[in-house]
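Please read the structure below before turning to the comments.
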Amino acid sequence: MACDHAGHDDAEGDVQRRYTDRVIDYFIDPPNWGKLEGADARGEYGDIPCGDYVVMQIKVAEGRLADVRYQVFGCPVAIAACAITTEMAMGKRLGEALAISESGVCEALGGVSEMKAHCSLLAVGALHAAIRNYRGDARGKPDPRTS
């Protein structure tokens, strides 16, 4: 969906009405962005033709997420959701990271409009896919060794 700025004299005010301060902060200065050298696994989620796509890479040490990085093609909410998801996941056991939810990411961002809530699913879906790929389990069932 294209943004409609027609009739808006105050573009900055319009952005602030559309996004929370937390979304804007994470969009402007997104932590953990980029490729992860020596990643143990990666997960992908999204639809390139629709314009939203995430690649998330993880490094695991002693059953915990030691590092999480992402690359994203998407809107400000998608970028902010990826950034905050990596922060939420870092240091967690794999089973704990699989419990990170779309609603939890939206809440951590200070709220996301219903129209943009699906953008948080991109980040969560990519993280969960990376963990499933690491475990070699396409179903993503909890592994008692790492939960």
So Tyr53, is it in contact (Cβ under 8 Å) with a residue 40 or more places away in the chain, of a type outside the set (D, E, K, R) and assigned to a strand (DSSP E or B)
yes
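Listed here are the residues, each with its yes/no results for (1) small (Gly, Ala, Ser); (2) surrounded by 17 or more Cβ atoms within 10 Å (Cβ to Cβ).
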| position | (1), (2) |
| --- | --- |
| Glu62 | no, no |
| Ala97 | yes, yes |
| Gly110 | yes, no |
| Ala129 | yes, yes |
Are any of the residues in region 34-41 under 23 Å from Tyr19 (Cα atoms) and crowded, with 18+ Cβ neighbours inside 10 Å?
no
Can you confirm whether region 84-103 contains a residue that is more than 11 Å from the chain's Cα centre (by Cα) and in a strand (DSSP E or B)?
yes
Return yes or no: is Gln71 at pLDDT 90 or above, within 15 Å of the chain's Cα centre (by Cα), surrounded by 20 or more Cβ atoms within 10 Å (Cβ to Cβ) and not in a helix (DSSP H, G or I)?
no
List the pairs whose first member sits in region 95-106 and is within 16 Å of Met56 (Cβ to Cβ), whose second member is of a type in the set (S, T, N, Q) and in a helix (DSSP H, G or I), and whose Cβ atoms are under 7 Å apart, counting only residues at least 6 apart or on separate chains?
Ile100/Thr85; Glu102/Ser120; Val105/Thr85; Val105/Ser120
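The values are calculated or read from the model by the stated rules, or taken from the named source; none is laboratory data. Everything numeric here is computed off the predicted structure, so don't read it as measured data. No Cβ is skipped: glycine too gets one built from the backbone with ideal geometry, and neighbour counts run over all protein chains shown.
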